[in-house]
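What follows is a set of notes on a single structure, which appears directly below.
The values are calculated or read from the model by the stated rules, or taken from the named source; none is laboratory data. On a predicted model such as this, the values are computed, not experimentally measured, just so you know. For neighbour counting, all protein chains shown are included, and Cβ atoms are generated from backbone atoms with ideal geometry for every residue, glycine included. Only protein heavy atoms, including side chains, enter the accessible area calculation; ligands, DNA and RNA are left aside. Shrake-Rupley method; radii C 1.70, N 1.55, O 1.52, S 1.80 Å.
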Amino acid sequence: MAGNRPSTGLNVMTVQEATNKISQRNVIRVTPTVIAGTTANGDVMFNATEIPNAVLTPGGTSSLKCITIIDKDAEAHDMDIIFMQVQTNFGTADSASTITDANLQAAKVLGAVKLDWTDVDTLVAQDSGSASIVTFSQWNGDNKGLNPMFLKAEEGSTSVYFTAIAAEEMAYAATDDLEFVFHIDY
């Protein structure tokens with residue numbers, strides 16, 4: 001009969017359903033728990049943190065188009081941000097990365113972004129001087145920014161995880177001083 005789909009065990013969509021899914025976008029805000037106090041160069045800044053609903057369907061894929069980082073303490077420190085399918089800590093927060101080869105492989109790393117605040121345009125709040133904002137996107141000029149990165153969740157999950165390694169010594173005043181805003185196309 002017209003309109004009925006055979007049961008194949010696969011997630012079969014109509015052309016319209018597929019088009020609707022392709023054109024969906026989301027903005028997801030995540031505040032990892034950073035160390036209040038000094039974190040040394042090369043130390044893990046925060047444990048692997050969930051980006052909920054990073055993909056639309058369990059085990060699915062999305063495209064990370066842009067990352068905006070709001071630094072409430074106006075520290076503006078360099079870091080390496082690592083994305084992974086499986087929540088895996090790269091070591092203890094505020095200590096050097098100690099991830100083993102086996103755990104690195106188990107994390108299913110998806111990619112990384114090197115954040116160098118001197119290479120990007122930074123918006124600093126002028127009214128209080130207490131925050132800075134940086135955005136990485138494919139639209140930044142002079143090849144500064146983020147090329148789209150595919151994010152893939154584990155089967156049965158819609159989450160992806162991220163962590164960061166300090167690329168210089170830093171000191172945040174509070175554990176919620178960094179907010180990451182992920183701009184995602186499903």
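When the range 82-107 is examined, which residues are found to be part of a loop (DSSP other than H, G, I, E, B), farther than 15 Å from Gly42 by Cα and polar (S, T, N, Q)?
Our first condition is that a residue be part of a loop (DSSP other than H, G, I, E, B); within the range 82-107, this holds for 85-92, 94-95, 97-100.
Narrowing further to those that are farther than 15 Å from Gly42 by Cα: 85-88, 100.
Within the range 82-107, Gln85, Gln87, Thr88, Thr100 meet the criteria.
Does Leu110 count as at pLDDT 90 or above, in a strand (DSSP E or B) and more than 19 Å from Ile165 (Cα to Cα)? Walk me through how you get there before you give the answer.
On the way: at pLDDT 90 or above: yes; in a strand (DSSP E or B): yes; more than 19 Å from Ile165 (Cα to Cα): no.
Against the criterion (at pLDDT 90 or above, in a strand (DSSP E or B) and more than 19 Å from Ile165 (Cα to Cα)), Leu110 does not qualify.
Just checking, does the range 58-67 include any residue being modelled with pLDDT of 95 or more, outside any helix (DSSP H, G or I) and open to solvent by 30 Å² or more (accessible area, probe 1.4 Å)?
Scanning the range 58-67, I find at least one residue that is modelled with pLDDT of 95 or more, outside any helix (DSSP H, G or I) and open to solvent by 30 Å² or more (accessible area, probe 1.4 Å), so the answer is yes.
Which condition number in (1) open to solvent by 20 Å² or more (accessible area, probe 1.4 Å); (2) at pLDDT below 95; (3) closer than 18 Å to Asp176 by Cα; (4) not hydrophobic (A, V, I, L, M, F, W, C) is the one that Tyr161 fails?
(2)
So which residues in the range 68-91 are at pLDDT below 95, open to solvent by 50 Å² or more (accessible area, probe 1.4 Å) and not acidic (Asp, Glu)?
Passing the criteria: only Lys72.
State yes or no: is Val27 closer than 19 Å to Ile133 by Cα, part of a strand (DSSP E or B) and modelled with pLDDT of 95 or more?
Criteria met by Val27.
Which condition does Gly37 not pass, out of (1) part of a loop (DSSP other than H, G, I, E, B); (2) exposed (fewer than 14 other Cβ atoms within 10 Å of the Cβ), if it passes all the others?
(1)
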